[in-house]
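The values are calculated or read from the model by the stated rules, or taken from the named source; none is laboratory data. Computed from a predicted structure; not experimentally measured. Virtual Cβ from ideal backbone geometry, glycine too; neighbours counted across all protein chains shown. Calculation scope for accessible area: heavy atoms of the full protein, side chains included, ligands and nucleic acids excluded. Shrake-Rupley method; radii C 1.70, N 1.55, O 1.52, S 1.80 Å.
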Amino acid sequence: MHFSDIELARRLESAEAAAGARFVEARARVSPASRADWLEIAGAYAIFDGADSPITQSFGLGIHAPALPRDLDQLEAFFQSRGAPVSHEVSPLAGVELAAVLVARGYSPIEFTSVMYRTIESPPPESAAASIRTRRVAAGEESLWSRLSAEGWGDSPELREFLLDLGIVIAASEGSIAFIAEQDDQPIATGSLRCANGVALFAGASTLPHARNQGAQRALLEARMRHAAREGCDLAMMCASPGSASQRNAERQGFRIAYTRTKWCKH
(Lines give C-alpha, C1' and ligand atoms only; values in the text may rest on other atoms or scores of the structure.)
Protein backbone atom coordinates (compact mmCIF):
# COMPACT_ATOMS: atom_id res chain seq x y z
CA MET A 1 0.00 0.00 0.00
CA HIS A 2 1.28 3.45 -0.94
CA PHE A 3 0.55 6.24 1.53
CA SER A 4 0.24 9.89 0.56
CA ASP A 5 3.56 11.02 1.99
CA ILE A 6 6.77 12.73 0.89
CA GLU A 7 8.15 9.55 -0.71
CA LEU A 8 5.05 9.15 -2.85
CA ALA A 9 5.19 12.85 -3.79
CA ARG A 10 8.79 12.44 -4.91
CA ARG A 11 7.91 9.53 -7.16
CA LEU A 12 4.90 11.26 -8.70
CA GLU A 13 6.56 14.63 -9.18
CA SER A 14 9.66 13.00 -10.66
CA ALA A 15 7.51 11.07 -13.14
CA GLU A 16 5.77 14.20 -14.39
CA ALA A 17 8.99 16.21 -14.45
CA ALA A 18 10.73 13.52 -16.52
CA ALA A 19 7.77 13.42 -18.90
CA GLY A 20 8.04 17.18 -19.37
CA ALA A 21 11.76 16.94 -20.05
CA ARG A 22 11.29 14.20 -22.66
CA PHE A 23 8.49 16.23 -24.26
CA VAL A 24 10.56 19.38 -24.74
CA GLU A 25 13.49 17.31 -26.00
CA ALA A 26 11.13 16.00 -28.67
CA ARG A 27 9.85 19.51 -29.35
CA ALA A 28 13.43 20.70 -29.89
CA ARG A 29 14.04 17.87 -32.39
CA VAL A 30 10.77 18.46 -34.27
CA SER A 31 10.96 22.26 -34.13
CA PRO A 32 14.48 23.58 -33.38
CA ALA A 33 13.27 27.18 -33.67
CA SER A 34 11.08 26.67 -30.58
CA ARG A 35 14.15 26.86 -28.31
CA ALA A 36 12.46 24.20 -26.16
CA ASP A 37 14.70 23.21 -23.26
CA TRP A 38 14.76 22.10 -19.65
CA LEU A 39 16.98 22.52 -16.61
CA GLU A 40 17.22 20.67 -13.29
CA ILE A 41 18.03 22.63 -10.14
CA ALA A 42 17.86 21.10 -6.65
CA GLY A 43 15.58 18.35 -7.93
CA ALA A 44 13.16 20.78 -9.61
CA TYR A 45 12.72 20.58 -13.39
CA ALA A 46 12.23 23.87 -15.24
CA ILE A 47 10.44 23.12 -18.53
CA PHE A 48 10.35 25.61 -21.43
CA ASP A 49 8.09 24.80 -24.40
CA GLY A 50 7.49 28.36 -25.58
CA ALA A 51 6.45 31.50 -23.76
CA ASP A 52 2.72 30.79 -24.12
CA SER A 53 2.74 27.01 -23.68
CA PRO A 54 0.84 25.54 -20.68
CA ILE A 55 3.76 23.12 -20.29
CA THR A 56 6.21 25.95 -19.55
CA GLN A 57 6.70 25.83 -15.75
CA SER A 58 8.63 23.92 -13.12
CA PHE A 59 7.80 20.64 -11.37
CA GLY A 60 9.07 19.22 -8.09
CA LEU A 61 10.15 22.46 -6.40
CA GLY A 62 11.01 21.83 -2.75
CA ILE A 63 10.24 18.10 -2.86
CA HIS A 64 13.75 16.67 -3.13
CA ALA A 65 15.66 19.50 -1.45
CA PRO A 66 14.87 22.87 0.14
CA ALA A 67 14.43 25.64 -2.42
CA LEU A 68 17.23 28.04 -1.53
CA PRO A 69 17.30 31.67 -2.74
CA ARG A 70 20.05 30.89 -5.25
CA ASP A 71 17.97 28.01 -6.65
CA LEU A 72 14.96 30.25 -7.15
CA ASP A 73 17.21 32.89 -8.73
CA GLN A 74 18.42 30.34 -11.29
CA LEU A 75 14.94 29.00 -12.01
CA GLU A 76 13.54 32.50 -12.49
CA ALA A 77 16.44 33.45 -14.77
CA PHE A 78 15.80 30.33 -16.90
CA PHE A 79 12.26 31.45 -17.70
CA GLN A 80 12.82 35.20 -17.80
CA SER A 81 15.75 34.92 -20.22
CA ARG A 82 13.36 33.18 -22.63
CA GLY A 83 10.59 35.75 -22.27
CA ALA A 84 8.32 33.34 -20.41
CA PRO A 85 6.31 33.80 -17.21
CA VAL A 86 7.79 32.18 -14.11
CA SER A 87 5.48 29.46 -12.80
CA HIS A 88 6.00 26.60 -10.36
CA GLU A 89 3.61 23.73 -9.61
CA VAL A 90 4.19 22.96 -5.95
CA SER A 91 3.07 20.02 -3.84
CA PRO A 92 1.85 20.88 -0.32
CA LEU A 93 4.33 18.27 0.92
CA ALA A 94 7.09 20.75 0.04
CA GLY A 95 5.97 22.59 3.20
CA VAL A 96 4.22 25.81 4.09
CA GLU A 97 7.61 27.50 4.44
CA LEU A 98 8.07 27.35 0.67
CA ALA A 99 4.70 29.02 0.12
CA ALA A 100 5.80 31.85 2.38
CA VAL A 101 9.05 32.23 0.44
CA LEU A 102 7.18 32.40 -2.86
CA VAL A 103 4.78 35.05 -1.55
CA ALA A 104 7.74 37.12 -0.34
CA ARG A 105 9.27 36.91 -3.83
CA GLY A 106 6.13 38.23 -5.51
CA TYR A 107 4.31 35.01 -6.42
CA SER A 108 0.60 34.35 -6.09
CA PRO A 109 -1.45 31.16 -6.63
CA ILE A 110 -3.25 30.91 -9.98
CA GLU A 111 -4.34 27.26 -10.26
CA PHE A 112 -5.01 24.06 -8.30
CA THR A 113 -4.50 20.51 -9.58
CA SER A 114 -5.58 17.21 -8.06
CA VAL A 115 -2.67 14.77 -8.27
CA MET A 116 -4.12 11.25 -8.17
CA TYR A 117 -2.68 7.77 -7.99
CA ARG A 118 -3.58 4.13 -7.67
CA THR A 119 -1.70 0.86 -7.29
CA ILE A 120 -1.33 -1.33 -10.36
CA GLU A 121 -1.74 -4.89 -9.13
CA SER A 122 -2.78 -6.72 -12.28
CA PRO A 123 -4.13 -5.85 -15.72
CA PRO A 124 -7.83 -4.93 -15.35
CA PRO A 125 -10.30 -6.88 -17.49
CA GLU A 126 -12.04 -5.19 -20.37
CA SER A 127 -15.39 -3.79 -19.23
CA ALA A 128 -16.18 -1.20 -21.89
CA ALA A 129 -19.17 -1.41 -24.22
CA ALA A 130 -18.74 -3.89 -27.03
CA SER A 131 -19.02 -1.09 -29.57
CA ILE A 132 -15.87 0.63 -28.19
CA ARG A 133 -12.37 -0.63 -28.86
CA THR A 134 -9.00 0.90 -28.10
CA ARG A 135 -5.68 0.74 -29.89
CA ARG A 136 -2.29 2.40 -30.03
CA VAL A 137 -1.80 5.13 -32.60
CA ALA A 138 -0.06 3.77 -35.67
CA ALA A 139 2.77 5.52 -37.50
CA GLY A 140 1.33 8.26 -39.66
CA GLU A 141 -1.70 8.82 -37.41
CA GLU A 142 -0.15 11.54 -35.27
CA SER A 143 -2.23 14.26 -36.95
CA LEU A 144 -5.41 12.23 -36.40
CA TRP A 145 -4.65 11.96 -32.67
CA SER A 146 -3.95 15.71 -32.49
CA ARG A 147 -7.15 16.61 -34.33
CA LEU A 148 -9.28 14.41 -32.08
CA SER A 149 -7.64 15.88 -28.99
CA ALA A 150 -8.16 19.43 -30.25
CA GLU A 151 -11.80 18.82 -31.12
CA GLY A 152 -12.42 17.40 -27.67
CA TRP A 153 -10.69 20.21 -25.75
CA GLY A 154 -10.17 23.07 -28.19
CA ASP A 155 -12.74 25.58 -26.94
CA SER A 156 -10.22 28.41 -27.21
CA PRO A 157 -8.22 29.17 -30.38
CA GLU A 158 -4.93 29.21 -28.44
CA LEU A 159 -5.54 25.79 -26.88
CA ARG A 160 -6.70 24.33 -30.18
CA GLU A 161 -3.55 25.51 -31.94
CA PHE A 162 -1.40 23.99 -29.19
CA LEU A 163 -3.23 20.66 -29.31
CA LEU A 164 -3.11 20.35 -33.09
CA ASP A 165 0.66 19.82 -33.07
CA LEU A 166 0.75 17.94 -29.77
CA GLY A 167 0.44 14.48 -31.33
CA ILE A 168 3.49 14.98 -33.50
CA VAL A 169 5.59 15.90 -30.48
CA ILE A 170 4.16 13.06 -28.34
CA ALA A 171 4.99 10.59 -31.11
CA ALA A 172 8.59 11.85 -31.08
CA SER A 173 8.82 11.91 -27.28
CA GLU A 174 10.85 9.09 -25.77
CA GLY A 175 8.64 6.65 -23.87
CA SER A 176 5.27 8.24 -24.75
CA ILE A 177 2.49 6.16 -26.28
CA ALA A 178 -0.68 7.61 -27.79
CA PHE A 179 -4.00 5.70 -27.75
CA ILE A 180 -7.30 6.11 -29.61
CA ALA A 181 -10.77 4.83 -28.74
CA GLU A 182 -13.12 3.97 -31.58
CA GLN A 183 -16.87 3.42 -31.60
CA ASP A 184 -18.28 1.50 -34.53
CA ASP A 185 -14.88 1.95 -36.22
CA GLN A 186 -14.99 5.75 -35.84
CA PRO A 187 -12.29 7.45 -33.70
CA ILE A 188 -13.93 9.34 -30.82
CA ALA A 189 -11.40 9.77 -27.99
CA THR A 190 -7.72 10.01 -27.13
CA GLY A 191 -5.35 9.25 -24.28
CA SER A 192 -1.60 8.94 -23.76
CA LEU A 193 0.74 7.06 -21.46
CA ARG A 194 4.33 7.29 -20.36
CA CYS A 195 6.00 4.66 -18.15
CA ALA A 196 9.18 5.44 -16.23
CA ASN A 197 10.70 4.10 -13.01
CA GLY A 198 7.61 2.10 -12.16
CA VAL A 199 5.19 5.03 -12.54
CA ALA A 200 2.65 5.17 -15.38
CA LEU A 201 1.64 8.76 -16.17
CA PHE A 202 -1.80 9.02 -17.79
CA ALA A 203 -2.56 12.17 -19.81
CA GLY A 204 -4.06 13.36 -23.09
CA ALA A 205 -7.66 12.42 -22.20
CA SER A 206 -10.09 13.98 -24.69
CA THR A 207 -13.45 12.88 -26.09
CA LEU A 208 -15.46 14.33 -28.96
CA PRO A 209 -18.52 16.16 -27.58
CA HIS A 210 -21.09 13.90 -29.26
CA ALA A 211 -19.41 10.75 -27.89
CA ARG A 212 -19.12 11.67 -24.22
CA ASN A 213 -20.60 9.59 -21.39
CA GLN A 214 -20.46 6.40 -23.45
CA GLY A 215 -17.45 4.75 -21.82
CA ALA A 216 -14.63 5.80 -24.16
CA GLN A 217 -12.39 7.21 -21.42
CA ARG A 218 -12.99 4.21 -19.20
CA ALA A 219 -11.92 1.96 -22.08
CA LEU A 220 -8.80 4.06 -22.68
CA LEU A 221 -7.92 4.07 -18.99
CA GLU A 222 -8.22 0.29 -18.77
CA ALA A 223 -6.17 -0.21 -21.93
CA ARG A 224 -3.39 2.00 -20.61
CA MET A 225 -3.53 0.27 -17.23
CA ARG A 226 -3.04 -3.10 -18.90
CA HIS A 227 -0.08 -1.76 -20.87
CA ALA A 228 1.45 -0.23 -17.73
CA ALA A 229 1.12 -3.55 -15.89
CA ARG A 230 2.93 -5.33 -18.71
CA GLU A 231 5.70 -2.71 -18.45
CA GLY A 232 6.16 -3.52 -14.76
CA CYS A 233 4.71 -0.32 -13.31
CA ASP A 234 3.36 -0.52 -9.75
CA LEU A 235 1.85 3.00 -9.67
CA ALA A 236 -0.48 4.88 -12.00
CA MET A 237 -0.70 8.67 -11.88
CA MET A 238 -2.93 11.28 -13.44
CA CYS A 239 -3.78 14.94 -12.82
CA ALA A 240 -7.09 16.77 -13.14
CA SER A 241 -8.83 19.95 -12.21
CA PRO A 242 -10.37 19.58 -8.71
CA GLY A 243 -13.98 18.42 -8.88
CA SER A 244 -13.89 17.93 -12.65
CA ALA A 245 -15.44 15.14 -14.70
CA SER A 246 -11.91 13.83 -15.31
CA GLN A 247 -11.33 13.55 -11.57
CA ARG A 248 -14.64 11.76 -11.05
CA ASN A 249 -13.85 9.31 -13.85
CA ALA A 250 -10.46 8.57 -12.28
CA GLU A 251 -11.96 8.04 -8.83
CA ARG A 252 -14.48 5.59 -10.30
CA GLN A 253 -11.49 3.62 -11.58
CA GLY A 254 -9.85 3.40 -8.17
CA PHE A 255 -7.65 6.52 -8.20
CA ARG A 256 -7.37 8.53 -5.01
CA ILE A 257 -6.11 12.04 -4.44
CA ALA A 258 -2.52 12.13 -3.21
CA TYR A 259 -2.54 15.91 -2.75
CA THR A 260 -3.72 19.13 -4.35
CA ARG A 261 -0.92 20.97 -6.09
CA THR A 262 -0.76 24.77 -6.34
CA LYS A 263 0.53 26.63 -9.36
CA TRP A 264 2.37 29.82 -8.36
CA CYS A 265 3.11 32.60 -10.83
CA LYS A 266 5.55 35.47 -10.32
CA HIS A 267 4.13 38.94 -11.00
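Results, tabulated for the structure shown:
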read-out	value
Over the stretch 1-106 - Rg/Rh using Cα atoms and the Kirkwood inverse-distance radius	0.98
Apportionment of accessible area to carbon and sulfur, the stretch 1-127, percent (1.4 Å)	57 percent
Largest-first principal axis extents of the Cα set of the stretch 201-267 (Å)	42, 35, 19
Net length gained if the chain between Ala51 and Ile6 were fully extended (0.36 nm per residue, minus Cα distance)	13.1 nm
Extension gain (nm, one decimal) between Asp165 and Arg256, 0.36 nm per residue minus Cα-Cα	29.6 nm
Linear extension gain, Gln74 paired with Asn197, 0.36 nm per residue minus alpha-carbon span	41.5 nm
Computed FRET value (nearest 0.05) for Arg248 with Asp37, which takes r as the C-beta separation and R₀ as 30 Å	0.25
Volume per residue of the C-alpha convex hull in the chain, rounded to whole Å³	121 Å³
Normalised alpha carbon radius of gyration of the stretch 131-204 [divisor 2.2 N^0.38 Å]	1.09
Rg and Dmax [Cα atoms of the stretch 130-267; Å; Rg one decimal, Dmax integer]	14.9, 51
The chain: relative contact order in percent, alpha carbon pairs under 8 Å with at least 6 residues between	24 percent
